[in-house]
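Peer 1: Before I ask anything, here is the structure I am working with.
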Amino acid sequence: QVQLVESGGGLVQAGGSLRLSCAASGFTFRINTMAWYRQAPGNERELVAAIQSGGSTSYADSVKGRFTISRDNAKNRAYLQMNSLKPEDTAVYYCNTPPHLRLWGQGTQVTVSS
């Protein structure tokens, strides 16, 4: 049974940092691209960052230089280090496996106060 469980969100002031974690199970983690998405109220879900099985990374322009995606294949986990957070980063953050998306997890709420 495929599971994606996100954690690590919270309330932080602008300029602060958070580290999100995604625990994956039920599929062969190491061969899949892992990605973080976010959805703010009233907005479409958007791709924030992705890391391929070989370690290549890509980022949305809005987070380049501030967010870092990483993975630990031994632990079946993906991470998103978020620095210099801005109020516009406020959203529910999800992980998944593009391009073949699996059942979405519950996400983790990130709220950045100004």
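Every number here is computed from the coordinates shown, using simple stated rules; none is lab data. No experiment lies behind these values; they were computed from the predicted model shown. Cβ coordinates were reconstructed from backbone atoms using ideal geometry, including for glycine residues, and neighbour counts include every protein chain displayed.
Peer 1: With a cut-off of 18 Å, note down the residues of region 1-37 whose backbone N falls inside the zone around a label point 7 Å from the Cα of Lys86 toward its beta carbon.
Peer 2: Answer for this model: 12-18, 37.
Peer 1: Oh, and also: Going by average Cβ density within 10 Å per residue, which order do the peptides 90-97, 12-19 take, highest to lowest?
Peer 2: Peptide ranking by packing, descending: 90-97, 12-19.
Peer 1: Taking a ≥ b ≥ c as the square roots of the eigenvalues of the Cα gyration tensor of region 1-76, is the shape rounded (a/c under 1.5), prolate (a/b larger than b/c) or oblate?
Peer 2: Since a/c reaches 1.5 and a/b is larger than b/c, the shape of region 1-76 is classed as prolate.
Peer 1: I've got another one for you. Rg/Rh for region 34-78: what does it come to with C-alpha atoms and Rh from Kirkwood?
Peer 2: 1.02
Peer 1: Follow-up. For a paramagnetic label modelled at 7 Å from the Cα of Ser17 toward its Cβ, which residues of region 78-114 fall within the zone defined by backbone nitrogen distances under 11 Å?
Peer 2: Once the point is set 7 Å along Cα→Cβ of Ser17, 81-85 turn out to lie under 11 Å by backbone N, inside region 78-114.
Peer 1: While we're here: Mind putting a number on the dipole of the chain about its Cα centre? Charges go on the C-beta only, +1 for Lys and Arg and -1 for Asp and Glu, and I need it in Debye to the nearest 20.
Peer 2: Numbers: 11 positive and 7 negative charges, 64 e Å.
Its charge dipole is roughly 300 debye.
Peer 1: Measuring from centroid to centroid over Cα atoms, what is the spacing of region 83-114 and region 15-34 in Å?
Peer 2: 12
Peer 1: Going toward the positive end of the dipole of the chain, with +1 on Lys and Arg Cβ and -1 on Asp and Glu Cβ, which of Asn73, Leu103, Pro87 do you reach last?
Peer 2: Value: Asn73.
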